[in-house]
2 protein chains.
Amino acid sequence: MYAATAAQNSGRFLANTDAPDPPLTLKALFRRQALNRIEAGSTLFLEGDQAKHLYEVVEGVLRIFKIIGDGRRIITGFLYPGDLVGVSLRDRYLYSAEAVTLTRFRTFGRREFQDAVNSSPLLRPQLFDRLCDEMAAAQNQMVLLSRKGAEEKVCSFLLARLRHQQQMNPLTMVIDLPMTRLDIADYLGLTTETVSRTITKLTGSGILVPEGRHGLRILKAKTLENIAGDDDQDGDNRAARRN
Amino acid sequence: MYAATAAQNSGRFLANTDAPDPPLTLKALFRRQALNRIEAGSTLFLEGDQAKHLYEVVEGVLRIFKIIGDGRRIITGFLYPGDLVGVSLRDRYLYSAEAVTLTRFRTFGRREFQDAVNSSPLLRPQLFDRLCDEMAAAQNQMVLLSRKGAEEKVCSFLLARLRHQQQMNPLTMVIDLPMTRLDIADYLGLTTETVSRTITKLTGSGILVPEGRHGLRILKAKTLENIAGDDDQDGDNRAARRN
DNA sequence: ATAATTTGTAACAATTCGTAACAGTCGAGC
DNA sequence: GCTCGACTGTTACGAATTGTTACAAATTAT
């Protein structure tokens, strides 16, 4: 498998990088691309644009969303460091992408990306797995949007955020929410007021307490889980299961 | 492109089909598989099952759905002839699949399928395009579920069905709805009553008339489009667009 | 024909929305 | 460091949509 010419991934300081040692992972593909940044609120691309590039979020948070006729906005996802944007589409972006916070990212030409993945038996399954995960997330979101009440929606969202942040910091019980209430509302199919009301209610129940401007400290994670009801199985949540 | 050995697609009656002329399309992959059938209401597979196979619907309609804790059901999609089921998942089914009507289908081992696609530069982009279309559909469904009212939901659904049936029969204005009101409700995030109410209202507006048990004749397709509001753009629907 | 399922209608209830007023936070500039 | 102003978030309340419950009608299955 391609005797190491220089080094796996390090030592690429001689500008002329024309010997493309084949990357072993999707992330490695991006690693040589220049790092760009956009300010909070700026647009990365618009729905319907010719999809010439795709992006890897390195730092910050993006929102991807669709707007329908009368201005209603639907945020179909938030993207965090490590996520790829603009993969699962044919030739035009299906959604717009904006920075929630100052965001650093790497860019890759779609054509080149497709070629690279297409010619690498290692990369192909990685891409496929990403698409599958994206699909699974979309389906869970459909469940949330169509059949969950406001409290369940908010708890599901908070729980997902908590889990995500615990991947990096396993002990933490504090959720950082860089997006606004409007963003959260448009992601959960609610209004800002309902999001506020619900968080207030959860605070009143002692499930969480606000911590700083954009932070929430989770006090009763188990209760949060129970309300979120994210179990894919039949019975009730966790405990309490006899009729 | 592989000189035709026997015939493109016909003449495969000698049982021993061991010379695997490489299929040019995904559909061709399935064509040699045996045809199975399941009765209306029967289960093809369950959410969480080990995903050993994938399926191509040949005739009939399937519903794929998830059930959450207290029995709420979410139909994430209906599958019609030509659709593949069980592709975009890692190793367990993300949803259950049942037959809405008597359904004929072909089965393929997932392992073999992956191998076949993986080794064919022709098949790979076809699979990728299918996944992208599936993703696009999921996102449109998120829009529908999170921000559309009952009337918009029903009209969007009916319009999609009409378009689908016009692909086969371009002139028809009659929609066949083999699924029950409950199925439709669980697909649109409504209740059967609301679906009924809405269809009654649309009938009252002269937009459509019931035709037989499972049929609806569309009288004002344009109006249906306007209510559905499925345009991905900014302004109002189709016409009327000057401020 | 009878039973079971599905669909339709109506009155009522519940949740979420929409509007509005108010409070809190952050940043700019003094 | 402080004040002002803009933006974001919170709370309250009336309104609207959809869900709930109940029942009747229609269709299909036994």
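The values are calculated or read from the model by the stated rules, or taken from the named source; none is laboratory data. Owing to the predicted nature of the structure, the values given are computational and were not obtained by experimental measurement. So basically every Cβ, Gly included, is an ideal-geometry build from the backbone, and we count neighbours across all protein chains shown. Ligands, DNA and RNA are excluded from the accessible area calculation, which covers all protein heavy atoms including side chains. Shrake-Rupley method; radii C 1.70, N 1.55, O 1.52, S 1.80 Å.
Per-structure values
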{"item": "Members of the stretch B:181-192 found to be without any contact (Cβ under 8 Å) to a residue 40 or more places away in the chain and more than 9 Å from DNA strand D (Cβ to nearest atom), listed by number", "result": "B:Arg181, B:Leu182, B:Ile184"}
{"item": "Test: residue in the stretch A:165-174 that is buried (at least 19 other Cβ atoms within 10 Å of the Cβ) and within 19 Å of the chain's Cα centre (by Cα)", "result": "no"}
{"item": "Selection from the stretch A:87-108 of residues that are more than 8 Å from chain B (Cβ to nearest Cβ) and among the aromatic types (Phe, Trp, Tyr)", "result": "A:Tyr93, A:Phe105, A:Phe108"}
{"item": "Extreme residue, nearest to the other protein chains (Cβ to nearest Cβ), among residues of the stretch A:62-86 that are part of a loop (DSSP other than H, G, I, E, B) and open to solvent by 10 Å² or more (accessible area, probe 1.4 Å)", "result": "A:Gly69"}
{"item": "Condition check for B:Val87: farther than 15 Å from B:His53 by Cβ and touching a strand residue (DSSP E or B) at 6+ places or on another chain (Cβ under 7 Å)", "result": "no"}
{"item": "When residues of the stretch A:6-33 are limited to those that are closer than 21 Å to A:Tyr80 by Cβ and at pLDDT below 90, the one most open to solvent (accessible area, probe 1.4 Å)", "result": "A:Arg31"}
{"item": "Search result, residues across the stretch A:76-132 that are touching a Lys or Arg at 6+ places or on another chain (Cβ under 8 Å) and of a type in the set (Ser, Thr, Tyr)", "result": "A:Thr76, A:Tyr95, A:Ser96, A:Thr103"}
{"item": "Which listed residue is touching a Phe, Trp or Tyr at 6+ places or on another chain (Cβ under 6 Å) and either under 23 Å from B:Val58 (Cα atoms) or in the same structural domain as B:Ser42 (by TED's automatic domain parsing) (or both), from B:Tyr187, B:Tyr93, B:Tyr80", "result": "B:Tyr93"}
{"item": "Filter pass, B:Asp176 being outside the structural domain of B:Thr43 (by TED's automatic domain parsing), within 16 Å of DNA strand C (Cβ to nearest atom) and over 16 Å from B:Gly77 (Cα atoms)", "result": "yes"}
{"item": "Residues of the stretch B:109-153 satisfying the condition of being within 16 Å of DNA strand D (Cβ to nearest atom), within 25 Å of A:Glu47 (Cα to Cα) and either assigned to a helix (DSSP H, G or I) or more than 10 Å from every other protein chain (Cβ to nearest Cβ) (or both)", "result": "B:Gln141, B:Val143, B:Leu144, B:Leu145, B:Ser146, B:Arg147, B:Gly149, B:Glu152, B:Lys153"}
{"item": "Among the candidates B:Leu44, B:Leu94, B:Leu89, residue that is part of a loop (DSSP other than H, G, I, E, B) and open to solvent by 10 Å² or more (accessible area, probe 1.4 Å)", "result": "B:Leu94"}
{"item": "Qualifying residue in the stretch A:128-144 (condition: without any contact (Cβ under 8 Å) to a residue 40 or more places away in the chain, touching a strand residue (DSSP E or B) at 6+ places or on another chain (Cβ under 6 Å) and within 16 Å of DNA strand C (Cβ to nearest atom))", "result": "yes"}
{"item": "Exclusive hit being away from DNA strand C (no atom under 13 Å from the Cβ), more than 14 Å from chain A (Cβ to nearest Cβ) and modelled with pLDDT of 95 or more, set B:Leu216, B:Leu159, B:Leu188, B:Leu208", "result": "B:Leu159"}
{"item": "Inter-residue pairs, beta-carbon under 6 Å, first among the acidic types (Asp, Glu) and in the stretch B:193-210, second at pLDDT below 95 and loosely packed, with under 15 Cβ neighbours inside 10 Å, 6+ apart", "result": "none"}
{"item": "Qualifying position, being under 26 Å from B:Glu39 (Cβ atoms), surrounded by 13 or more Cβ atoms within 10 Å (Cβ to Cβ) and at pLDDT 95 or above, among B:Thr198, B:Thr194, B:Thr180", "result": "B:Thr180"}
{"item": "Subset of the stretch B:191-200 (residues that are farther than 19 Å from A:Met142 by Cα and near DNA strand C (Cβ under 8 Å from one of its atoms))", "result": "B:Glu193, B:Ser196, B:Arg197, B:Ile199, B:Thr200"}
